[in-house]
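The structure appears right after this line, and notes come after that.
The values are calculated or read from the model by the stated rules, or taken from the named source; none is laboratory data. Predicted model only: the values in this text are computed from it and were never measured. Methodologically, a virtual Cβ is constructed for each residue, glycine included, from the backbone with ideal geometry; neighbour enumeration extends over all protein chains shown.
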Amino acid sequence: MKSLIRLLLCALCAVSLHCAWGQNYPVKPVRLVVGFAAGSTSDLIARVIAQKMSESLGQPVVMENRPGAGSNIAYEFVARSAPDGYTAIMANAGIATGATAYVKLNFNALRDFMPISQVSSTPHILVIHPSLPVKTVRELTAFTKARPGQLNFASTGHGNSDHMAAALYHYMTGLDMVHITYKGGPFAMTDVVTGQVALYFAGMPVALPLVKAGRARALAVTTATRSKAAPDVPTMAEAGIAGYEHSLWGMFMVPAATPKDVLARLHRETARALEAGDVRDRLAGMGVDAVGTTPEQASAYLKSEIAKYAKVVKAIGLKLE
């Protein structure tokens, strides 16, 4: 009987401490990891939201960039981090592709992470160097077909969202191009504007300033509708690639065993940040739509994206080591 009482008291103490800890959260800075270099699309979006969250959390949300291996270095790091709410990650559509494309991963997108919220959605924008003698997607397709294996394209890594945007284009048109990978969008865009690579399906925040400055030419956006930030740029479907549609989404996630009360606090502050007018305006100016979903909705969306891209990966024969 005494043993049972002691067990019950211990359990009550544990619950009490857990609740108190959850109520006091956070007591130190929260680390938000991005699997790309500073200045990349995911990084820029995350920084806008993190800055606003810092105000209401009462603790800084500190950005930490861990680029490399198609963001898998960052995902593995966060998956293995303590599930205490002090380490989160800005995931993007690449995690859905990688779940099927990689032969082996040291993490599982559905098992090892708990979504906080889908935070953003934005098209990729197909950009080329102005010296390339084409002005439309149809012209680019014909120009490339006449030069199989001679032109190159940029991405931030095999299986990432910008790679899949290009892979869909190549798959639907039968193009043969050389793939060059970079640690982040800014590096890829630098080689576009200097003419080192022919084209790039860039993130809007990275590409728009350079397009507006005339240093890169925009041919199309990848979503089903035009972007309000670039209304004169047609969609890929409008530009002649019927049925083409692809978007880059962002999602805040934490390790799977994170306490529910901590997850609820992070979701509450994320939602508050996304509802703020200045945040929405800043994101819109970059060509990004603020989204904001519940953890349950984000989880369901992640599952649906993994299932969708499993079919795409199989169709294009993408297998990554």
| message | Please verify whether Arg47 is touching a helix residue (DSSP H, G or I) at 6+ places or on another chain (Cβ under 6 Å), among the basic types (Lys, Arg), at pLDDT 95 or above and not assigned by TED's automatic domain parsing to the domain that holds Met189, treating the condition exactly as stated. | response | no
| query | Among (1) farther than 24 Å from Asp162 by Cα; (2) of a type in the set (Val, Ile, Thr); (3) under 20 Å from the mean Cα position of the chain (by Cα), which single condition is Thr258 missing? | reply | (3)
| field | Scan of segment 275-300 for residues that are buried (at least 18 other Cβ atoms within 10 Å of the Cβ) and part of a helix (DSSP H, G or I), ordered by number | value | Val279, Arg282, Leu283, Pro295, Ala298, Ser299
| field | Subset tally (residues that are farther than 24 Å from Ala315 by Cβ, of a type in the set (Gly, Ala, Ser) and assigned to a loop (DSSP other than H, G, I, E, B)) for segment 91-138 | value | 1
| field | Unique match (being more than 15 Å from the chain's Cα centre (by Cα) and polar (S, T, N, Q)) among Ser71, Ser81 | value | Ser81
| Odd one out for Phe113, checked against (1) surrounded by fewer than 18 Cβ atoms within 10 Å (Cβ to Cβ); (2) touching a Pro at 6+ places or on another chain (Cβ under 9 Å); (3) within 30 Å of Val78 (Cβ to Cβ) | (1)
| said: From the list Arg138, Arg147, exactly one residue is without any contact (Cβ under 8 Å) to a residue 24 or more places away in the chain and not β-branched (Val, Ile, Thr). Which is it? | reply: Arg147
| said: Criterion first (over 18 Å from Ala93 (Cα atoms), among the basic types (Lys, Arg), at pLDDT 95 or above and surrounded by fewer than 19 Cβ atoms within 10 Å (Cβ to Cβ)) does Arg272 satisfy it? | reply: yes
| task | Being over 22 Å from Gly39 (Cα atoms) and either in contact (Cβ under 8 Å) with a residue 60 or more places away in the chain or not basic (Lys, Arg) (or both) narrows it down to one of Thr222, Thr235, so name that one. | result | Thr235
